[in-house]
1. Kindly indicate whether any position in the stretch 36-56 is in contact with a helix residue (DSSP H, G or I) (Cβ under 7 Å, 6 or more places away or on another chain), part of a loop (DSSP other than H, G, I, E, B) and farther than 22 Å from Asp19 by Cα.
2. Against the condition among the aliphatic types (A, V, I, L, M), within 12 Å of the chain's Cα centre (by Cα) and closer than 13 Å to Val16 by Cβ, how does Val129 come out, does it pass?
3. Under the condition of being touching a residue at least 12 places away in the same chain (Cβ under 8 Å) and of a type in the set (Lys, Arg), which residue from the stretch 15-52 is farthest from Ser126 (Cα to Cα)?
4. Taking into account only those residues within the stretch 72-87 that are in a loop (DSSP other than H, G, I, E, B) and more than 14 Å from the chain's Cα centre (by Cα), which is surrounded by the most Cβ atoms within 10 Å (Cβ to Cβ)?
5. Of everything in the stretch 88-113, what is within 11 Å of the chain's Cα centre (by Cα) and not β-branched (Val, Ile, Thr)? Give them in sequence order.
6. Please go through the stretch 55-82 and pick out each residue that is among the hydrophobic types (A, V, I, L, M, F, W, C) and closer than 21 Å to Leu113 by Cβ.
Amino acid sequence: MTTELTSKAPTVKVLVFSDDARTRAEVIRAVGRRPGAGLPEIEWTEVATADIVMAKAREEKFDLLILDAEAPKFGGMGVGKMIHDEIDPMLPFITLLARQQDEWLSRWSGAALAVDYPINPRELSSAVVQVLSQRK
């Protein structure tokens, strides 16, 4: 008689939003599957439009959002602000900023942290570890 293991290792759910598939891939590559010691593996969800981000935030439970503030039409700061105000004020998000002077706007939108774009893998990984560690 064999016993089948049904338990699954814990994971955290992270959504990454950018209209640019290369940016989404760069974020995932920079952070990887396990961002830091003692943290669970990440289950990534990629989203290309603000409407889908809003729908996903309503339908699913995420531990972190990484939002491209430079996405055209409706950028990550606007999406983050709407999620913060209308869906879940406790859901942390990190914004990717091309202009450092927009950091104040990122804070106003409710972002836990802002990370410069182009992405520095070490900086982004550190930000993800910091936010996820606070959610334990």
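1. Among the residues of the stretch 36-56, at least one is in contact with a helix residue (DSSP H, G or I) (Cβ under 7 Å, 6 or more places away or on another chain), part of a loop (DSSP other than H, G, I, E, B) and farther than 22 Å from Asp19 by Cα, which makes the answer yes.
2. Working: among the aliphatic types (A, V, I, L, M): yes; within 12 Å of the chain's Cα centre (by Cα): yes; closer than 13 Å to Val16 by Cβ: no.
In short, no.
3. Taking the candidates together, the pick is Arg24.
4. Here is the first cut: in the stretch 72-87, the residues in a loop (DSSP other than H, G, I, E, B) are 72-75, 87.
Applying the additional criterion that residues be more than 14 Å from the chain's Cα centre (by Cα) yields 72-74, 87.
Working: Pro72: 9, Lys73: 9, Phe74: 16, Ile87: 12.
Among those residues, the one meeting the criterion is Phe74.
5. Our first condition is that a residue be within 11 Å of the chain's Cα centre (by Cα); within the stretch 88-113, this holds for 91-96, 111-113.
Matches in the stretch 88-113: Leu91, Pro92, Phe93, Leu96, Ala111, Ala112, Leu113.
6. Kept after step one, since they are among the hydrophobic types (A, V, I, L, M, F, W, C), are these residues of the stretch 55-82: 55, 57, 62, 64-67, 69, 71, 74, 77, 79, 82.
Within the stretch 55-82, Ala57, Phe62, Leu64, Leu65, Ile66, Leu67, Ala69, Ala71, Phe74, Met77, Val79, Met82 meet the criteria.
Each reported figure results from applying straightforward, stated rules to the coordinates on display, with no laboratory input. Just so it is clear, the structure is predicted and the values come from calculations on it, not from any experiment. A quick note on method: Cβ atoms are made from the backbone with ideal geometry, for glycine too, and the neighbour counts reach across all protein chains shown.
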